[in-house]
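Nothing in this text is a laboratory measurement; each read-out follows from the coordinates by a stated rule. Source: prediction; values computed, not measured. Here the Cβ positions follow ideal geometry from the backbone for every residue, glycine too, while neighbour counts run over all protein chains shown.
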């Protein structure tokens, strides 16, 4: 189902260059042909106006999507707000703020030295790698348990961990680290993490419906699973495109967005993919030149991206969980069918 109406979500004051009318019919046909299986929605916005909005696979504009690790980036924004409020610093030692969970198994000076920035850049000393089934900190070890925070603070440190010249350790994708960030923020804010995010991010953006995943004991899952509507995801990412502002209100500090949208680590060198503060970065070749993109990404092929050079944001939701090539399929939708239209 395609919604033809154009909806202005924000007024940015930017002048959008005149352009030919984009043609997204080939995108719709590609999805129908199965080029990106289990795609549930696509939204393309330029200049604050929706150019294209499509829903399929039984969902509607009102559906709350489980975009999995897209929620990690929302946790990063909550950290940035906590820093602005004076509750945290990037060099805050995480385990000092989790002292109520002490004593920690596998105690170590390396564990004691883990900072907020280490977890934001996924370069901490924890022996945690979601891409390695044998890793003690692999997220799959967490889900059968009752107490996720207890498990996360007890993860051992990685053997031979060392920081490089930048002061950071090797990059490994680690959901447990984002769980710990959520636990830390709710302690310094003295309120549940879902309440903190709702009061400081979702409600100020006019978002009225959401669902947080939780552990069996009620711990808010800050490593993913936050369910939102497609248009609400677009509102969040347009706010980031607008330097953290929504209307006249500054939601996330500009300085934190600048830091989050900085290449701190090389994630996958073979794919020229980088990592900021729980945000991904890559460069896309387009008919109008190379375009830098910052995006939230989640299992299933979910992507919520900022394309500042094109004055655009893109939301693609999918449920192709755990399947080989899911992210490559999403990127093909972008590179073959969406970005060329944004270059018109």
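Worth pointing out:
- Convex hull (Cα only) mean projected area of the chain, reported in nm² to one decimal: 16.9
- Relative contact order (percent, whole number), the chain, Cα cutoff 8 Å, 6+ residue spacing: 23
- Angle in degrees between helix 175-189 and the longest Cα principal axis of the chain, rounded to the nearest 10: 80
- At R0 = 45 Å, FRET efficiency that the Cβ-Cβ distance of residue 96 and residue 324 yields, to 0.05: 0.65
- Fully extended contour minus Cα-Cα distance, from residue 141 to residue 107, at 0.36 nm per residue: 10.3 nm
- In the frame of its principal axes, region 139-296 has Cα extents of 50, 44, 25 Å, reported largest first.
- Values of log10 I(q)/I(0), in the order q = 0.10, 0.13, 0.18 Å⁻¹, for region 207-335 under a Debye, Cα-only, solvent-free model: -0.35, -0.59, -1.15
- Dividing the alpha-carbon radius of gyration of region 289-335 by the rule-of-thumb value 2.2 N^0.38 Å gives 1.15.
- Once the Cα atoms are used to define both axes, helix 70-84 deviates from the longest principal axis of the chain by about 70 degrees.
- Considering only 97, 247, 289, the Gaussian network model of the chain with Cα springs below 10 Å gives its largest mean-square fluctuation to 289.
- Shown for region 81-145 is the translational diffusion coefficient from the Stokes-Einstein equation, using the Kirkwood radius over Cα pairs, a temperature of 37 °C and a viscosity of 0.692 mPa s: 248 µm²/s.
- Of all the options 208, 235, 40, the one that moves most in a Gaussian network model of the chain with Cα springs shorter than 10 angstrom is 208.
- Here the simple spin-label model places points 7 Å from the Cα toward Cβ, and for residue 60 and residue 335 these points are separated by 3.7 nm.
- When the helices of the chain are scored as -39500 (n - 2.57) per DSSP H run of n ≥ 4 and the total is divided over every residue, the value at 222 nm lands at -7000 deg cm²/dmol.
- Summarising the label geometry, the points placed 7 Å from Cα in the beta-carbon direction at residue 290 and residue 35 lie 2.4 nm from one another.
- Computed over all pairs of different Cα atoms, the Kirkwood value for the hydrodynamic radius of region 195-255 is 12.5 Å.
- Sequence-separation-based contact order of region 71-189, relative, with Cα cut under 8 Å and 6+ spacing, percent: 32
- Mean separation of Cα pairs under 8 Å and 6 or more residues apart, divided by the residue count, gives region 297-338 a relative contact order of 40 percent.
- Largest GNM mean-square fluctuation among 160, 106, 141, using the chain with Cα springs under 10 Å: 160.
- Given R0 = 56 Å, the distance between the Cβ atoms of residue 309 and residue 160 translates into a calculated FRET efficiency of 0.90.
- Whole-angstrom Cα spans of region 71-189 along principal axes, big to small: 39, 39, 28
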